[in-house]
1. Kindly indicate the residue of segment 167-193 that is assigned to a helix (DSSP H, G or I) and at pLDDT 90 or above and also surrounded by the fewest Cβ atoms within 10 Å (Cβ to Cβ) among those meeting that condition.
2. Do any helices (runs of 4 or more DSSP H) lying entirely in segment 42-139 carry at least 2 residues that are surrounded by 15 or more Cβ atoms within 10 Å (Cβ to Cβ), outside the structural domain of SER262 (by TED's automatic domain parsing) and modelled with pLDDT of 95 or more, and which ones are they?
3. Checking LEU275 against (1) surrounded by fewer than 22 Cβ atoms within 10 Å (Cβ to Cβ); (2) more than 18 Å from ASP188 (Cβ to Cβ); (3) hydrophobic (A, V, I, L, M, F, W, C), which single condition isn't satisfied?
4. Scan segment 249-271 for residues that are in a helix (DSSP H, G or I) and either surrounded by fewer than 23 Cβ atoms within 10 Å (Cβ to Cβ) or without any contact (Cβ under 8 Å) to a residue 12 or more places away in the chain (or both) and jot them down.
5. Looking at LEU298, LEU317, can you tell me which residue is in contact with a Gly (Cβ under 9 Å, 6 or more places away or on another chain) and assigned by TED's automatic domain parsing to the domain that holds LEU186?
6. Does VAL274 qualify as being β-branched (Val, Ile, Thr), assigned to a helix (DSSP H, G or I) and under 17 Å from the mean Cα position of the chain (by Cα)?
7. Got at least one residue in segment 241-248 being farther than 27 Å from HIS325 by Cα, at pLDDT 85 or above and either buried (at least 19 other Cβ atoms within 10 Å of the Cβ) or touching a strand residue (DSSP E or B) at 6+ places or on another chain (Cβ under 9 Å) (or both)?
8. Given the conditions (1) acidic (Asp, Glu); (2) over 20 Å from GLN71 (Cα atoms); (3) modelled with pLDDT of 80 or more, report the number of the one that GLU160 does not fulfil.
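The values are calculated or read from the model by the stated rules, or taken from the named source; none is laboratory data. As the structure is a prediction and not an experimental result, all values here were calculated from the model. Note that we place each Cβ from the backbone using ideal geometry, even for glycine, and neighbour counts take in every protein chain shown.
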Amino acid sequence: MTLSAVIVSSHPARRCGVADYSRELVRHMPPHVHAVHRRLDLRSGLISYLVQCFRVSATLLCSRPDVFHLQYTPTTSGPAALWLVLLARLRGARTFITCHERPSTYARVLPRFARRLYSAFERILLHLAERVFVLSEVHEAELVRTYGVQPRLVHLGVREAARGRSRHAPGPTLTFAGFLRPQKGLEDIIEAAPIIAERLGRIRVQIVGAVASRDRAYVDDLRRTLAAVEEGERCQIELVEDAGDAEFERRVLVSDLFVFPSRRASQSITLNLVLEGRIPIVSAAGTGVAEIVDQHQLGAIYVPGDAQGLARAVIDLLRDVHRYHICQSNIAGFARLTGWRTVSQQHADDYEELRAA
């Protein structure tokens with residue numbers, strides 16, 4: 001029996017966008033699920049955002065899908081998310097929300113009054129959904145504690161086929177790729193780089209990502225910090241903003257290690273590409289990425305804010321060739337268990353289960 005679904009998410013910001021996740025879900029759905037992807041992105045401007053909301057509303061009113069699935073992030077889904085979930089329920093669609101960010105990620109940077117409004121908005125939104133998905137246990141625990149929501153944990157989909165890697169620089173290459181934001185902890189990488197170079201002889205560091213307008217001052221501060229670092233021939237650090245898709249992918253796939261110093265992130269969509277490249281990961285503790293790295297032995301963990309600890313973790317992993325190859329083998333095994341076809345089938349099973357209830 002055919003099942004129709006509308007999956008709504010933000011437009012991608014290069015390779016680190018939630019829409020990449022949604023499109024992979026749609027692409028790998030089983031044949032009996034007819035899924036379409038729609039855009040809802042507050043960053044596109046008010047008029048464009050209202051047009052997008054109207055289009056999604058029209059889809060719900062005209063086609064009456066069996067399933068409405070919102071890929072939710074606070075800064076991109078915006079206030080229309082509440083209206084669309086409510087409309088979907090009124091039209092008889094079974095409603096799902098995948099939360100891509102923990103509440104604490106944004107609540108901590110808001111004034112008290114705005115924080116209360118934000119919390120009330122998310123509480124209502126998540127309780128309206130019939131099923132909530134999260135991508136990590138740390139996010140699951142926070143939703144239970146903060147909103148009393150019991151979400152379902154799903155794996156981050158990964159392409160099973162390994163991507164080719166082409167080295168083009170002497171010495172190991174360390175990379176961070178994703179949104180360049182204050183909570184990413186990128187200072188850890190910059191501070192650790194000279195320490196690593198001193199022990200390993202030569203390294204190359206890449207910080208590659210998209211920059212939102214609200215984060216421009218932070219990135220400018222990062223550049224000033226970089227200017228004060230004595231790089232020399234042994235330690236080269238490069239900050240690349242808004243690389244195109246091909247360049248973003250190329251820079252990730254030449255890496256020997258992927259460094260994820262984020263303080264609070266529940267997950268990273270960029271991790272898809274990292275795992276496809278079979279690249280071991282060094283992650284700050286307390287995030288969804290660290291959870292995966294620790295549980296499946298995909299690399300190493302360090303305490304966020306401890307640049308010396310990050311340097312030690314990188315040095316130990318790169319010097320221990322046997323451990324490094326074990327991490328690569330474990331990544332290949334993890335990719336087989338969490339391939340996109342498997343994850344899409346799990347979502348389809350959830351859709352069917354709720355429709356039949």
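1. GLU187
2. Counting at least 2 such residues, we get 46-63, 80-90, 112-128.
3. That leaves (1) as the condition not met.
4. Within segment 249-271, the subset in a helix (DSSP H, G or I) is 249-253, 271.
Scanning segment 249-271 gives GLU249, ARG250, ARG251, LEU253.
5. None of the others qualify; the one that does is LEU317.
6. Numbers: β-branched (Val, Ile, Thr): yes; assigned to a helix (DSSP H, G or I): yes; under 17 Å from the mean Cα position of the chain (by Cα): yes.
Yes; evaluated as a whole, the condition is true for this residue.
7. Scanning segment 241-248, I find at least one residue that is farther than 27 Å from HIS325 by Cα, at pLDDT 85 or above and either buried (at least 19 other Cβ atoms within 10 Å of the Cβ) or touching a strand residue (DSSP E or B) at 6+ places or on another chain (Cβ under 9 Å) (or both), so the answer is yes.
8. (3)
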